[in-house]
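Peer 1: I'd like to ask you about the structure that follows.
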Amino acid sequence: MNASRVYILGGYQTDFARNWRRENKHIAAMMREAFDGAVYETRVDPKDIGAVIVGNFAAELYCAQGQLGGFCVDFHPALAGVPTMRVEAACAAGAAAVLTAMAYVRAGMAELVCVIGVEQMKTVDAVKGGDFLGAAAWQEREAQGLTHPFTRLFGRLGDEYEKRYGLDRRHLAAIADINHRNARRNPRAQTRTWFLNLEHAAKAGRFNPMISNTLRATDCCPVTDGAVCVFVASERRAAGFAARTGRSPAAIPRVLGWGHTTATMAFDDKTSAGGSEYVLPLTRRAIGDAFARAGIADCWGVDAIETHDCFTTSEYMAIDHFGITRPGEAWKAIEDGTIEFGGRLPVNPSGGLMGVGHPVGATGTRQVLDAYRQVTGTAGGYQVEGAKKVAVLNLGGTATTNVCFVIGVEA
């Protein structure tokens with residue numbers, strides 16, 4: 001057995017269109033549903049779980065609740081006494097929780113780890129929620145006193161592209177249109193029944209106001225409640241799981257590669273670092289590290305990408321940082337259909353954060369689960385035909401935390 005190999009056994013996602021406060025349900029109920037659903041979907045035996053890792057950004061702010069791991073031991077009698085912890089990395093908390101689970105497995109501390117990513121955000125109005133999200137930036141320097149600070153910061157990402165390479169906002173509108181169209185195929189997506197088309201997304205006005213100099217309302221992901229549970233396993237545990245479920249061990253997805261970098265907190269310091277032709281060089285490095293560990297030469301070695309499109313500018317950035325185009329030329333992949341659902345390299349076939357929704361602490365875990373679904377052929381209406389390897393990029397803050405995975409199967 002190879003101790004460095006880490007496998008994904010599947011999981012469950014709550015319906016991201018739900019409002020749990022309206023249902024009068026606590027954040028722990030959301031976590032419990034994700035856990036129960038994952039056990040049901042995978043047939044994992046809870047008594048085999050050696051640890052639970054919770055990814056969450058700001059439950060203390062949104063829900064006045066900390067110590068989320070303490071709820072998990074009540075989800076099943078077999079979890080009594082099992083070690084738990086919560087991991088925070090802003091919008092990359094879900095991916096950081098998966099990384100932590102991988103470390104547990106690779107260190108031999110547990111052979112099966114339950115990861116739950118969760119955020120309940122619909123407890124406050126949009127302005128208050130925007131203030132809470134400002135804590136993921138350098139609050140005092142970049143967010144204090146601003147309405148919708150993160151929209152303004154990611155608007156500055158677009159401004160940086162415009163300064164360096166030029167930027168046509170029609171291409172940002174096209175990204176929103178593509179992701180919303182993809183989300184209509186996804187029965188768990190928050191926006192699956194919403195109206196949005198290219199004409200609407202491209203035109204600012206009363207029903208699509210400008211939030212920053214660059215970004216309109218349709219350039220922004222929605223506020224979302226949601227939880228996702230996935231199981232991370234050792235090679236030995238994955239082999240037993242395969243035998244029990246009648247599959248070849250080679251058909252169980254594993255983490256082929258990973259990358260994790262941390263940039264400075266201040267946005268302007270990120271974009272000026274090192275004189276790179278890439279706007280966010282440490283995001284680029286995380287992607288390159290994941291590809292190198294997976295033995296992949298470039299982005300054309302994967303079949304789809306799930307990327308962090310909290311705003312259209314972050315996906316525009318990801319297109320060239322993944323190497324789909326040269327730096328500053330992301331517009332080419334938008335215009336020629338490369339990133340479309342049926343294109344050469346589909347980006348966000350699930351709908352991404354803009355379409356599926358963005359419960360901050362759950363997003364990275366959701367992306368990993370969607371990668372699992374793609375490479376096992378279980379993504380349903382948004383299945384990319386023949387997908388065997390999928391790349392995931394999860395960002396925390398203004399790309400302060402950068403986590404990239406390559407998830408795939410060997411047969």
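Peer 1: Express as a percent, rounded to the nearest 5, the fraction of DSSP beta bridges in the chain (both residues included) that run antiparallel.
Peer 2: Around 70 percent of the beta bridges assigned by DSSP in the chain are antiparallel ones.
Peer 1: Can you put Tyr62, Tyr278 in order of Cβ neighbours within 10 angstrom, beginning with the fewest?
Peer 2: Ascending Cβ contact count within 10 Å gives the list Tyr278, Tyr62.
Peer 1: Additional query: What does the C-alpha gyration tensor say about the overall shape of the stretch 120-256? Classify as rounded when a/c is under 1.5, otherwise prolate if a/b is larger than b/c, or oblate.
Peer 2: In terms of gyration-tensor shape, prolate.
Peer 1: Which ordering of Asp131, Asp219 is given by a fewest-first count of other beta-carbon atoms within 10 Å?
Peer 2: Asp131, Asp219
Peer 1: From the P(r) of the stretch 274-411, can you give the percent of Cα pairs sitting at distances over 22 Å?
Peer 2: 30
Peer 1: May I have the convex hull volume per residue, in Å³, for the Cα set of the stretch 1-153?
Peer 2: 129
Peer 1: Sticking with this structure for a sec: R0 = 30 Å: FRET efficiency of Trp194 with Ala297, Cβ-based, nearest 0.05?
Peer 2: Computed FRET efficiency for Trp194 and Ala297: 0.20.
Peer 1: Taking amide hydrogens as modeled 1.01 Å from N in the peptide plane, which residues meet the under 5 Å criterion relative to Val255, leaving out close sequence neighbours?
Peer 2: Residues meeting the criterion, in which the H sits 1.01 Å from N, are Val6, Tyr7, Ile8.
Peer 1: To the nearest 500 deg cm²/dmol, what mean residue ellipticity at 222 nm is calculated for the chain from DSSP H runs of n ≥ 4 alone, each contributing -39,500 (n - 2.57), summed and divided by the residues?
Peer 2: -10500 deg cm²/dmol
Peer 1: While we're looking at this one, here's another question. Arranged by the count of other C-beta atoms within 10 angstrom, fewest first, what order do Ser314, Ser276 take?
Peer 2: Ranking Ser314, Ser276 by Cβ neighbours within 10 Å, fewest first, gives Ser276, Ser314.
Peer 1: Could I ask something else about it? Calculate the all-directions average of the projected area of the stretch 71-200's alpha-carbon convex hull, and give it in nm².
Peer 2: Computed as one quarter of the Cα hull surface, the answer is 12.5 nm².
Peer 1: Given bins 5 angstrom wide, list per bin the percent of all Cα-Cα distances in the stretch 225-282, short to long.
Peer 2: Histogram of Cα-Cα distances, whole percents per bin: 4, 14, 16, 11, 9, 10, 11, 10, 9, 6, 1.
Peer 1: With the cut-off at 22 Å, tell me which of the pairs Lys122/Lys203; Lys163/Lys270; Lys128/Lys203 have Cα atoms farther apart than that.
Peer 2: Those over the limit are Lys122/Lys203; Lys128/Lys203.
Peer 1: Please report the relative contact order for the chain, taking Cα pairs under 8 Å with a sequence separation of at least 6, and give it as a percent rounded to a whole number.
Peer 2: Reported as a whole number, the value is 25 percent.
Peer 1: Could you work out Rg/(2.2 N^0.38 Å) for the chain, with Rg from alpha carbons only?
Peer 2: 0.91
Just so you know, all these numbers are worked out from the coordinates, no wet-lab data involved. Model, not experiment: these values are computed from the prediction. Heads up, the Cβs are rebuilt from the backbone with ideal geometry, glycines too, and the neighbour counts pull from every protein chain shown.
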